[in-house]
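The values are calculated or read from the model by the stated rules, or taken from the named source; none is laboratory data. All values reported here derive from a predicted model rather than from experimental measurement. Backbone-built Cβ (ideal geometry, glycine too); neighbour counts: all protein chains shown. Accessible surface is based on the protein model in full, side chains and every heavy atom, while ligands, DNA and RNA are left aside. Shrake-Rupley method; radii C 1.70, N 1.55, O 1.52, S 1.80 Å.
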Amino acid sequence: MELAWYALLGLFFATYLVLGGYDYGVGLLLARGAAPATAPDAASRNDRARRAALNAVGPFFLGNEVWLVAAVGILFGAFPVLEGELLSGFYPAVLGAVAGVVLVTAGVQLRSRPHAGSARATWDRAVVVGSGLAALGWGALLGGLLQGLPLRVDGHVDGVGHLFTPFVAAAALAMLALVAVQGATFLTLRLPAVDAPSAARLARGLVPTALAAVATATVLGLLSDRVRAAVARPALAVLLPLALVAALLAARAALGRGRPGVAFAATSSALALPVVLVGAALWPRVLVSTVDPAASLTVADAAASGPTLSLLAWLALPLLPALLGFQAMCRWVFRGRTDGRAPVYW
């Protein structure tokens, strides 16, 4: 039973990264200020470009964050021991990510108010900063899990210094780069047809940066004694980053052929793969102790009791179809480009 809940936790968090990833990716791209050449001046062009980008992501924005809420609910209900040590051992990363989510949510809502006026630029900056914090925070969390943490024999984490290592920093930057590619690729599907080619060029240009960031994190991981000691399946620790690189290359090729749907599927796979990597490479452990391997926390030890998991399963049965149905309805209602045209998917 605990394996099923662990897989469900990973599925929900990976889905959140994929869907929330293009929210934060679009938010990061607000810093560019590129706009249609027909705008009368630079300031107006920048504002129109930002509004077009936010209009593209707007209908899905709050719905995408529901997956994070659902993942946190599973963490609190099904893995109470993991929840406590995860938050205490990674609170700088989690706090930064949550602060970023709040900033993005507030910025998107408040910059769109009718009387925002000159404050729009401030809220745009808040969206950019929040998007960066969210991507960096979740990347640092995944990198920190893969690296292990100083979990003592008494079951508690000793400090947060383990987050400040080259590998964790590289993992955070890799997530930032992946999110930016995801956001640009999403815009190729949603912006008006006249603006889609510029978004595709931007996405293709960002792929080499993402490849370099992923390669750097992979090399640092292979060189790190902590990561090598924490990973239970070294083959997966090599194969999954290679699959991530293949997904990015496939996305770049699809963008070059004018197939944004294929590209978006590839970048979505690239954002989901880090979650798969952490879960599969550490199994059956979920928190690996760098102090005493015997103190490591397994999935079975982190899970709630069997009756509790069974009760949660009965509660989740009606909620999961409702969540999936809402997401499907939202995407069907707001399908296509913001100018009403259908994009070329395949």
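Assorted remarks:
- Any chance GLY100 is surrounded by 16 or more Cβ atoms within 10 Å (Cβ to Cβ), within 26 Å of ALA212 (Cα to Cα) and touching a residue at least 60 places away in the same chain (Cβ under 8 Å): yes
- Any chance ALA270 is within 19 Å of ASP23 (Cα to Cα), open to solvent by 40 Å² or more (accessible area, probe 1.4 Å) and among the small types (Gly, Ala, Ser): no
- Residue in the stretch 156-170 that is open to solvent by 20 Å² or more (accessible area, probe 1.4 Å) and either of a type in the set (Asp, Glu) or on the phi > 0 side of the Ramachandran plot (or both) present: yes
- Considering the stretch 210-236, the residues that are part of a loop (DSSP other than H, G, I, E, B) and aliphatic (A, V, I, L, M) include one that is least open to solvent (accessible area, probe 1.4 Å), namely VAL231.
- Annotation for the stretch 119-142: at least one member residue is modelled with pLDDT of 90 or more, open to solvent by less than 10 Å² (accessible area, probe 1.4 Å), assigned to a helix (DSSP H, G or I) and within 22 Å of TRP283 (Cβ to Cβ).
- A search for C-beta distances below 6 Å between a residue of the stretch 1-30 that is open to solvent by 20 Å² or more (accessible area, probe 1.4 Å) and any residue that is among the hydroxyl-bearing types (Ser, Thr, Tyr), counting only pairs 6+ apart in sequence or on different chains, returns VAL18/SER268; LEU28/SER131.
To keep it simple, each residue is scored yes or no on (1) surrounded by fewer than 14 Cβ atoms within 10 Å (Cβ to Cβ); (2) in contact with an Asp or Glu (Cβ under 9 Å, 6 or more places away or on another chain); (3) aromatic (Phe, Trp, Tyr).
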| residue | (1), (2), (3) |
| --- | --- |
| ALA266 | no, no, no |
| ALA302 | no, yes, no |
| PRO307 | yes, no, no |
| ALA322 | yes, no, no |
| GLY336 | yes, no, no |
